[in-house]
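Read the figures in this text as sums done on the coordinates, not as results from a lab. Bear in mind the structure is a predicted one, so any value in this text is a computation, not a measurement. Every residue, glycine among them, receives a Cβ derived from its backbone with ideal geometry; neighbour counts consider all protein chains shown.
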Amino acid sequence: MVSLAMRDAVLVLTHTEDGTADPVIHHLCERDVPVVRMDSGDFPSTMTVEADFDDGRWRGTIHDAFRGLDLESVRGVYYRRPSQFTLAEGMSGPEQRWAYREARMGFGGVLLSLDCLWINRPARMSAAEYKPVQLATAARCGLRVPRTIITSVPEHAADWARSIPGPVVYKPLGGAFHVEGGRTRIVYANRITDIEELRDSALSLTAHCFQQWVDKDHEVRVTVVGTRLFAVAIHATSEAAYVDWRTDYASHRYEVVEVPDAVRGGLERYMQAFGLTYGAADFIVSPGGSWTLLEVNPNGEWGWLAHHCGLPIGQTIADLLEKGQV
């Protein structure tokens, strides 16, 4: 195992199959910036922490199966998508819950104490992932958002949908991925074709999100990195992708566009409100040219747009991590 007592290293926290982190690591290596890629999910099975608090700060190291990192050497953290902690087999349910909580509060707490640039801090991403909070914050920041309800009452959903002029869309609140029977399913946004089906009692089993359909000419993904905005129009040419562009990437036509000043200002206020350095904002652009915000993913993907449109998103993330500041 190699021990790295390097100065001003960048720590990349993500799982082993995350290809989005690779371009950032590549750009940092080209600049001779020391980079350590680790998956905190390896703790505590093949990763250790040794940390001492003295003289007002934490000192020590973390080690995985291949390398070690001096905590005081870290200038920036790129928090992408680390996996879950790996606990020892044979633990009972209560033992697993206790050990997982201790790992999160101990190992995770030591990492979070690092006083450096984070893209992004996990706590700030967690706060920014709640769709109701996103919409309320966006509206306060001057951004246009769709009429929306969150409900677990079937009659409320159906009556609201009937009161809305035009179509209504269902959207998952916690992301597109859903595990069922050991298999991962993707739940996309979809238009409601039979409003009376919303009166089904199954709707009462959890919370659901419904939004008024916004007429669109196209959609725009705005990738925010620090003070820079990279905006790409997504023109969907299939019926499924017109409703949710994630259903059919092959149907896309991409176009780099400018962000209107009012939208730029609103996004800047939004990012400041949550304390985010990075975000992927999705907008609908109407036939008349107005921009409506659907959501801002604080850890959204950007690699495919950078590739198709030649955008320096990876370089810009590397710039911030190299400087250790926005």
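Given only helices, namely DSSP H runs of n ≥ 4 each adding -39500 (n - 2.57), what is the per-residue ellipticity at 222 nm of the chain, to the nearest 500 deg cm²/dmol?
-8500 deg cm²/dmol
Using each residue's phi in the range 218-234, evaluate 6.51 cos²θ - 1.76 cosθ + 1.60 at θ = phi - 60° and report the 3J(HN,Hα) Karplus result to the nearest Hz, with x for Gly and Pro.
So the Karplus estimates, Gly and Pro as x, are 6, 10, 9, 9, 9, 8, 9, 10, x, 9, 9, 10, 10, 10, 10, 6, 10 Hz.
For the range 122-266, state the average projected area of the convex hull of the C-alpha atoms over all orientations, rounded to one decimal in nm².
Orientation-averaged projected area of the Cα hull: 10.8 nm².
Contour minus end-to-end for Ser201 and Gln272, with contour as 0.36 nm per residue of separation and end-to-end as the Cα-Cα distance?
21.5 nm
Given labels modelled 7 Å from the Cα in the Cβ direction, how far is it in nm from Val133 to Thr227?
Label at Val133, label at Thr227, 2.7 nm between them.
Set the Förster distance to 35 Å, then compute FRET efficiency between Asp159 and Arg246 from the Cβ-Cβ distance, nearest 0.05.
With R0 = 35 Å, the Cβ-Cβ based efficiency is 0.75.
I want to verify a result. In a Gaussian network model of the chain, Cα cutoff 10 Å, which of these has the top mean-square fluctuation: Ala65, Ala306, Ala127?
Sorting by GNM fluctuation, first place goes to Ala65.
For the chain, take the longest principal axis of its alpha carbons; what is the angle in degrees between that and the long axis of helix 261-274, to the nearest 10 within 0 to 90?
Approximately 50 degrees, to the nearest 10.
Which residues in the range 217-231 have a backbone N closer than 11 Å to a point placed 7 Å from the Cα of Arg253 along the Cα-to-Cβ line?
none
Which GluC sites (Glu not before Pro) in the range 86-178 pass both tests, a DSSP loop state and at most 10 other beta-carbon atoms within 10 Å?
Sites meeting the loop and neighbour criteria: Glu89.
Report, in whole Å, the centroid distance computed from the Cα atoms of the range 236-264 and the range 94-160.
25 Å
Would you mind telling me which residue in Arg101, Arg246, Arg221 has the biggest mean-square fluctuation in a Gaussian network model of the chain, where springs connect alpha carbons within a distance under 10 angstrom?
Arg101
Using 7 Å Cα-to-Cβ label points, what is the Arg104/Trp304 separation (nm, one decimal)?
Going from the Arg104 label point to the Trp304 one covers 3.0 nm.
From the Cα trace of the range 2-115, what convex hull volume per residue do you get, rounded to a whole Å³?
106 Å³
Pulled fully out, how much extra length does the chain show between Met91 and Ser238, if you take 0.36 nm times their separation in residues and subtract their Cα-Cα distance?
48.0 nm
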